[in-house]
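Visitor: Supplied in structure tokens, the structure appears directly below.
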Number of protein chains: 2
Amino acid sequence: MTGDYLAIGELGRRTGTKVETIRYYERIGLFAAPGRTAGNYRAYGPAHVNRLSFIRRSRDLGFSLDQIRALLDLADQRDRSCDAVDVIAREHLAEVDRKIADLRALRRELDSMIAQCRCGTVADCRIIEALSPQS
Amino acid sequence: MTGDYLAIGELGRRTGTKVETIRYYERIGLFAAPGRTAGNYRAYGPAHVNRLSFIRRSRDLGFSLDQIRALLDLADQRDRSCDAVDVIAREHLAEVDRKIADLRALRRELDSMIAQCRCGTVADCRIIEALSPQS
DNA sequence: TATGGACCCTGTAGTAACTACAGGGTCAAG
DNA sequence: CTTGACCCTGTAGTTACTACAGGGTCCATA
């Protein structure tokens with residue numbers, strides 16, 4: 001790859017993204033299609049590296065692709081108020097809190113279920129019993 | 001529906017399951033196909049209600065369909081040791097613990113990101129900054 | 001110069017666990 | 001005898017990728 005352009009594999013390596021995932025992001029319109037070389041290879045510049053890093057970091061923090069799309073749009077309108085960014089982040093935080101609470105409740109149930117297992121036969125297994133309808 | 005057989009809609013109501021989901025479970029071989037009426041309607045008996053309740057309860061506790069398949073198989077072999085049941089439940093518990101830990105770490109990051117937002121313009125938004133590559 | 005292997009291309013299908021139709025048939029009440 | 005609620009099959013959509021198949025490109029080495 002000539003100059004400072006990167007092939008898709010190198011971009012993937014630098015951003016911790018699989019090649020298929022990059023092509024997928026391009027296909028769904030999340031990540032802009034780059035120029036091509038004479039041999040029809042995608043040629044990425046520094047701006048692409050930044051953009052994809054932003055996407056990956058957001059994914060790591062659990063934002064959905066739709067949320068990331070909105071964040072990217074906002075990030076490009078540099079002189080507008082960042083309220084909208086804050087809203088997205090706070091909504092996501094609330095969702096994470098909800099998930100944590102759900103998992104904690106679930107954990108308690110699983111734990112008490114397992115605690116009752118005396119590991120005899122299935123016929124008197126407390127886990128199976130706990131899963132079965134009371135009727 | 002004659003006698004004490006239930007139509008799919010009634011079964012769904014009694015077990016808190018959508019009709020499409022019941023048909024889906026049947027299609028993937030998780031939930032046995034029942035007999036049919038003259039008009040080709042599915043006709044469910046009490047055993048079906050129990051089975052589906054078991055499946056739903058397991059789903060509510062976050063077991064995957066594959067895990068439930070295994071649990072159902074085991075639940076039917078009533079004179080075998082219930083060690084295998086215990087193993088599935090413990091594996092699931094460990095996974096839930098992992099997820100809780102991951103979400104907690106994520107929550108901390110999100111929280112500190114949001115805490116820094118002074119809500120000025122996007123140009124100096126700390127959230128966007130936190131998501132952007134450091135380079 | 002030929003060739004081998006690493007890389008790239010497109011397009012499609014698979015994953016989990018459903019959900020949502022479209023286009024029809026059945027059944028009971030009025 | 002018609003209306004509306006219910007049922008049937010089959011297919012396609014959802015999220016966020018992942019995994020091929022079947023080919024082309026590029027570069028270093030023999």
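Visitor: Report, in whole Å, the centroid distance computed from the Cα atoms of the range B:1-77 and the range B:114-135.
Guide: 50 Å
Visitor: Quick one: Debye curve from the C-alpha atoms of the range B:1-80, no solvent, what's log10 I(q)/I(0) at q = 0.11, 0.16, 0.22 Å⁻¹?
Guide: Normalising to I(0) and taking log10 leaves -0.29, -0.60, -1.05.
Visitor: Give the value in nm², to one decimal: projected area of the alpha carbon convex hull of the protein assembly as shown, averaged over all directions.
Guide: Reported value for the Cα convex hull: 21.0 nm².
Visitor: Oh, and also: Please compute one quarter of the surface area of the Cα convex hull for the range B:81-135 and express it in square nanometres. Could you put the intermediate results ahead of the total?
Guide: Working: hull surface 21.2 nm².
Averaged projected hull area, Cα only: 5.3 nm².
Visitor: On to the next question. Which residue, chosen from B:Ile55, B:Gly9, B:Gly45, occupies the Cα position most advanced towards the positive end of the dipole of the range B:1-80, where the dipole is computed from +1 (Lys, Arg) and -1 (Asp, Glu) charges on Cβ about the Cα centre?
Guide: Going by the Cα projections, it comes out as B:Gly9.
Visitor: Work out how much length A:Glu109 to A:Ser81 would gain on full extension: take 0.36 nm times their residue separation and subtract the Cα-Cα distance, in nm to one decimal.
Guide: 5.6 nm
Visitor: Could I ask something else about it? Need the list of lysines near B:Lys99 for cross-linking: C-alpha distance under 21 angstrom, and skip anything on the same chain fewer than eight residues off.
Guide: In chain and number order, the partners are A:Lys99.
Visitor: Taking only the Cα atoms of chain B, how large is their convex hull per residue, in Å³?
Guide: Cα convex hull per residue, to the nearest whole number: 191 Å³.
Here, each number is a calculation from the coordinates, and none is a lab measurement. All of these numbers come straight from a predicted model, not from anything done at the bench. Positions of Cβ are generated from backbone atoms using ideal geometry, with glycine treated the same way; all protein chains shown enter the neighbour counts.
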